Amino acid sequence: MTDFLIKSTLSLVVLLGVYHLLLEKEKMHHFNRFYLLFALVFSMVIPFITIEVVQEIAQPAVTAGNIQILPTTAVVVEETNYLAIALWGLYGFVTVVLGFRFMRNVKQISKKMKSNTPIAYQNAQLVLVPEKTLPHTFLNTIFINETEYNNREVEAELYTHELTHVTQKHTLDILFIEVLKTVFWFNPIFIFYKKAIQLNHEFLADEKVVHSYKNVPFYQSLLLSKANANPTFYLASNLNYLITKKRLLMMTKTTSKRKAIAKQALLLPAVTALLFSLCTKVVAQQIGTKQNAQPNKVGSLFNTYYNKTTFKVKDEKGKITAEKKYNDLTPAEKRAIPSILSKEERLPTNEELLTKLSKGAPETMEIDLFSLENKIVKKGENDIYNSPEISEKPDFPGGMDNFYKFVGNNYKTPEQPDLKGKIYISFIIEKDGSITDVKNIRDIGFGTGDEAVRVMNICPKWIPGKVKGEPVRVLYSLPITIQSAKS
């Protein structure tokens, strides 16, 4: 919702600014009417338009080779946002009140049409009303004071003016902008759009009168004599709406066809700039891969790394009893493969990991399922261990359920409706249980990975992993499932 409001408001402001700068002072009123309506519709639609720009990348982000990904996931549970509920409640209440006011006014003018005398007049109908009022129009009905009509005190220019509102259906424009004002009552930009639309309507009606009677001074004097009359219904087209210097000057102004076309052509760059600035989305695509390719999985990554390696499998007596390729190994034999990162002092970056994987594994490697003691060997004081290399795995105080509750209570989901997916993070659990070197391996955009890193950096200390009873540094990785509230 926030994204919609920001994009639509920016579009409305820019397009209205372009109107006042380029179009309002020019005598091309029919085009201006179309432009103002287009600006409203376009600004309501633009938040839903997405233009994808594919950006090729040399290498994909991958999950570290043999880092263990735990099967259990932490589901982030959003807390009740009472402020948001209160604001939505306020919005709903005000919208209902304004909607009721709008419907009541439509009903009142409808009642006014039915309760007074109607008279057929060209393509419209006149409704004679007892109250003192200027002629005004709603849909195909022109309201005129009954006494002035009977005494023939209504000038022909005024009939022509109001008939223009009827034949060009100006009321529909006003009803459209009033509906938008009712729904988006908190956005003042629609007030300025209504003023621009109504003034353009008067330009159109004035143009018709001037073209029909060819007497600009008399018509200007007539409008000025009516300027102080009582205001009429706000949903109607009113004769004395903004009788200002703008209307009086516009009657005598001319705009060349070449100038009109030039100014209209300038609108295309403005609309194009809005589209690309508000709707462009950069999509990363790996060079040489299909756009819809699935992320690399650990198994296929290992298969490539060990493609040229022959594994010599030992029995319980230490004798080599079989030689296998990676795909032929049993799950237990795969777990017994020496760790890729066993001699690393820090977690490598994606680029470093890819460089290591691209070199491939040694041509031959030995697997000894029956010498676990040889596998769990103390390394250097600051070396990093993987889960298969330790005798006691690290744990969160109170168990992993408490860890997932901690993540759920502290993770702030982005304001993006229907957001679903997993993010993957890795970190090191130090000997004292503190968390360091937190990295975002893969996320789903919208800052989800950065937020996961932030939460892990404030995480309480864990119970450290151990080798032969002594705490060691352990490399750890896990996924977090994100599911935001639906819009």
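What follows is calculated from the coordinates using simple rules that are stated; it is not laboratory data. Everything quoted here is computed from the prediction, not taken from an experiment. Neighbour counts are summed over all protein chains in view; Cβ atoms, including those assigned to glycine, are modelled from backbone coordinates with ideal geometry.
Straight Cα distances below 29 angstrom link Lys468 to the lysines Lys312, Lys314, Lys317, Lys319, Lys334, Lys343, Lys375, Lys378, Lys379, Lys393, Lys431, Lys439, with same-chain residues fewer than 8 positions distant left out. Cβ crowding within 10 Å ranks Tyr19, Tyr149, Tyr385 as Tyr149, Tyr19, Tyr385, fewest other Cβ atoms first. Extending 7 Å from Cα along the Cβ direction at Thr95 and again at Glu363 yields two label points whose distance is 7.2 nm.
Shown for Val41, Val127: other C-beta atoms within 10 Å of each C-beta, ranked fewest to most, produce the order Val41, Val127. Among Val166, Val154, the order by Cβ neighbours within 10 angstrom, fewest to most, reads Val154, Val166. Ranked by the mean number of other Cβ atoms within 10 Å of their residues, highest first, the peptides 168-177, 359-368 fall in the order 168-177, 359-368. On the principal axes of its alpha carbon atoms, segment 402-487 extends 51, 22, 16 Å, with the longest extent given first. Computed from phi, the 3J(HN,Hα) profile of segment 133-147 under the Karplus parametrisation 6.51, -1.76, 1.60 (θ = phi - 60°) reads 7, 7, x, 8, 10, 9, 6, 9, 10, 10, 9, 9, 5, 4, 5 Hz, with x in place of Gly and Pro. Electrostatic tally near Glu207: other residues with Cβ closer than 15 Å to its Cβ, Lys and Arg +1, Asp and Glu -1, net +2.
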